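A short worksheet on the structure shown next.
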């Protein structure tokens, strides 16, 4: 007889062929008969343990010629064996079980022994089959002292695995079939148009609403529902679901048979977990925006894109990258999106967000994921991509959206975006860290003029400065809430004559948590960058006026108290309104105030500077133009600004004694002041020699370390001038 191992491939091919073509009850007896011959046993049986767990059903059985055991008798006998107190229930089997001699363990049940003797069964091999149901593949032999060989057991084990596989396959097909029936039933009941799309993009079935509103027909091409220019977007949206990039995806298109000309949202979901068939839902956008809830907690209700939480989850599920490739994340922010909301309304803003979402889906690779993170911010997850391609994608997105024309109620709005790109350099890097890096790069792109992209690199000095400013902005917010600022002052001394009182400029220091004083050159750039400077200016003015009210006699003894206002503050209507109300509440103090604005702020925001002058001058306040000459194009603007003082930029004062060009510039400014009736203040007076030279040129006041260093305002005890001019004679 040939070696049984040589028969195993043929045997298993038979079993596999049967399992692929039939069910568990189709010609199984014949398969077991062939299997019994190949494993050299006298019979095989397949048992199914029912839900009662102690009731056995013989699904199939094969016996040799002349056996005296019918299927019914076999079922009864096997059931009694399974429930015998000295045999475990078949339902509890986890590994193959061999009983070499049944008579040795059934010695207390003469009836069963009699049956076993009648049918001559002596040895049994039981093979459990895992699955949703419990099956047992069994083999038995008549009187035989030969043990069960390992190759026979292995053949039965492989056969049992194939039976389990077929059992699970049948179960899954049953689930799919039931799901399709349930889906079809629900589909017909839905009040919105929906349809079942097959793998060839044809309509297989549809509900009454789709038939009535869209006039759908069986086997109609789904592409016939949209205009030709929208076909690519529709196909890409369906591919996002078929390719298992997203569980569901949406696009907004005009449906040709629809009675409404407004776009509709087409949402696609996979059907029964299969890659090909899809469910399509069609919703009017206006109605959806007004009444319909989001389809899923994982997706944005407006655009249909994944939301931030799902975007982050998709990052953690991304497959490993191929060698030489990385995962990139893009952070996108719409430029001047608020203008669209303010001018055309929030419905227009919502429509623009939907259009941008649709365009982004067309501009990325099929495996990339576009998400709406919040407001007018989008994210793109680009797995398994090299840097050059990622940069091309970023450039393509910026270029395409800059050419996108958005029209609302016949009003055109320009569209552009700023994009930050960040690469995952280590597998452990979290999506939060990547988004933070991409967001920082996006801010740099905005500061460079918008409508562009920027790549985050850890050693980039521009990003280092941004990170420093971001940290400082957090410190500023904390300092504002905890009053961790302190007012300082620096005297402004007359160079020609004795002053009627102390003229000083108010300065600011921030106090760190450990008590260290932080100079404004460190925290003010961050305050300006992150729109916190108006809050800082409010704090300074408010606390200065409080100090003045508490030290009224000292305040009245001084000649002038100068306070700096930032360019952002003079352009902030809310701040100007607050300033007006605050000054009106302190009539005894305002006459000593002088507000300083920089030349750059005055020139770039001439209208706002004029409004400030018109506000404070009637109250008795003065106005000074700071850093004058830094632009040196502002002479023409002086006739439009009613200023009381002009402060010469320090770059023209530091080397005044040696530099004839600086002397000529200062002399020209002095002459201009005489003609236009404003007084001149020179900054950066570092020595008596500089002070003398300034006096000779006719400069009225000086300020700098050569006169006095900044001191805490809380330490000021006298309102008298320092009489520094006496050192110049």
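The values are calculated or read from the model by the stated rules, or taken from the named source; none is laboratory data. Computed from a predicted structure; not experimentally measured. Positions of Cβ are generated from backbone atoms using ideal geometry, with glycine treated the same way; all protein chains shown enter the neighbour counts.
Counting the residues of the stretch 689-729 that are closer than 23 Å to residue 646 by Cβ and in contact with a helix residue (DSSP H, G or I) (Cβ under 7 Å, 6 or more places away or on another chain) gives 10.
Scanning the stretch 338-348 for residues that are in contact with a helix residue (DSSP H, G or I) (Cβ under 8 Å, 6 or more places away or on another chain) and either surrounded by 23 or more Cβ atoms within 10 Å (Cβ to Cβ) or outside any helix (DSSP H, G or I) (or both) yields one hit, 340.
Within the option set 266, 253, 278, 235, being modelled with pLDDT of 80 or more and surrounded by fewer than 17 Cβ atoms within 10 Å (Cβ to Cβ) holds for one residue only, 235.
May I ask you to verify whether residue 645 is within 18 Å of residue 699 (Cα to Cα) and touching a strand residue (DSSP E or B) at 6+ places or on another chain (Cβ under 7 Å)?
yes
Of all residues in the stretch 185-232 being in a loop (DSSP other than H, G, I, E, B) and within 24 Å of residue 359 (Cα to Cα), which is modelled with the highest pLDDT?
Ranking the candidates gives 201 first.
Report yes if residue 182 is modelled with pLDDT of 75 or more and outside the structural domain of residue 98 (by TED's automatic domain parsing), otherwise no. Judged against the criteria, residue 182 is not a match.
For residue 693, work out the one condition from (1) in contact with a strand residue (DSSP E or B) (Cβ under 9 Å, 6 or more places away or on another chain); (2) crowded, with 18+ Cβ neighbours inside 10 Å it doesn't fulfil. All conditions are met except number (1). Looking across 361, 301, one residue alone is surrounded by 15 or more Cβ atoms within 10 Å (Cβ to Cβ) and in a loop (DSSP other than H, G, I, E, B). It is 301.
Residue-by-condition table, conditions (1) closer than 18 Å to residue 304 by Cα; (2) out of contact with any strand residue (DSSP E or B) (no Cβ under 7 Å at 6 or more places or on another chain); (3) in the same structural domain as residue 395 (by TED's automatic domain parsing):
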residue: 324; (1), (2), (3): no, yes, yes
residue: 344; (1), (2), (3): no, no, yes
residue: 353; (1), (2), (3): yes, yes, yes
residue: 360; (1), (2), (3): yes, no, yes
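Tell me, which helices (runs of 4 or more DSSP H) wholly within the stretch 594-668 include 2 or more residues that are assigned by TED's automatic domain parsing to the domain that holds residue 545 and at pLDDT below 80?
Counting at least 2 such residues, we get 599-604, 635-638.
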